[in-house]
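A.B. asks: So that we are looking at the same thing, I have put the structure below in structure tokens.
The values are calculated or read from the model by the stated rules, or taken from the named source; none is laboratory data. Remember, it's a predicted structure, so these values are computed and weren't measured experimentally. All Cβ positions, glycine included, derive from the backbone under ideal geometry; neighbour counts span all protein chains shown.
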Amino acid sequence: MSVGGNCSFERRREIIGRRWRDIVADCETVIRSVDHPDLTEPSKFVVDILAALRDGHSTAAQALWANLLDTVLKCHIRPKDRSI
């Protein structure tokens with residue numbers, strides 16, 4: 001079942017809404033397999049984010065994800081390139 005290509009927004013939302021637990025489980029499997037030393041801490045944080053989502057705390061998961069994204073961007077984007 002594809003959520004890309006010719007799939008409408010509504011259909012994608014329906015598929016993701018129905019399969020989100022499987023998607024979270026797959027993400028957790030992948031993130032737990034990450035073994036690069038530079039990604040150890042972010043990977044642990046992602047596991048916590050996925051646990052929050054799996055446990056029904058979607059608002060907390062979104063806030064944690066935003067925090068992680070902000071941290072990653074600050075670490076990898078030069079200060080002069082950060083302004084829009």
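A.B. asks: For region 29-60, which positions are in contact with a Lys or Arg (Cβ under 8 Å, 6 or more places away or on another chain) and either farther than 19 Å from residue 72 by Cα or aromatic (Phe, Trp, Tyr) (or both)? Let's see the steps before the verdict.
C.D. replies: Going residue by residue through region 29-60, those that are in contact with a Lys or Arg (Cβ under 8 Å, 6 or more places away or on another chain) are 43, 47, 54.
Across region 29-60, the qualifying residue is only 54.
A.B. asks: Follow-up question, since we're still on this one. For residue 35, all conditions in the list (1) outside any helix (DSSP H, G or I); (2) at pLDDT 95 or above hold save one; what is the number of the exception?
C.D. replies: The one condition residue 35 does not meet is (2).
A.B. asks: While we're on this one: Taking residue 41, is it of a type in the set (D, E, K, R) and either surrounded by 15 or more Cβ atoms within 10 Å (Cβ to Cβ) or at positive phi (or both)? Show your work before the answer.
C.D. replies: Numbers: of a type in the set (D, E, K, R): yes; either surrounded by 15 or more Cβ atoms within 10 Å (Cβ to Cβ) or at positive phi (or both): no.
Here the answer is no, as residue 41 does not meet what is asked.
A.B. asks: Can you report the number of residues in region 38-84 which are more than 14 Å from the chain's Cα centre (by Cα), within 25 Å of residue 20 (Cα to Cα) and small (Gly, Ala, Ser)?
C.D. replies: Final tally of qualifying residues: 1.
A.B. asks: Now a separate question. Take the conditions surrounded by 10 or more Cβ atoms within 10 Å (Cβ to Cβ), of a type in the set (A, V, I, L, M, F, W, C), in contact with a Cys (Cβ under 8 Å, 6 or more places away or on another chain) and part of a helix (DSSP H, G or I) and apply them to residue 49. Does it pass? First the steps, then the outcome.
C.D. replies: Details: surrounded by 10 or more Cβ atoms within 10 Å (Cβ to Cβ): yes; of a type in the set (A, V, I, L, M, F, W, C): yes; in contact with a Cys (Cβ under 8 Å, 6 or more places away or on another chain): no; part of a helix (DSSP H, G or I): yes.
Answer is no for this residue.
A.B. asks: Counting only residues that are in a helix (DSSP H, G or I) and small (Gly, Ala, Ser), which one in region 6-28 is nearest to residue 75 (Cα to Cα)? Write out each step before concluding.
C.D. replies: Taking region 6-28 and keeping what is in a helix (DSSP H, G or I), we get 9-28.
Now restrict to residues that are small (Gly, Ala, Ser): 17, 25.
On the way: 17: 33, 25: 28 Å.
Residue satisfying both the conditions and the ranking: 25.
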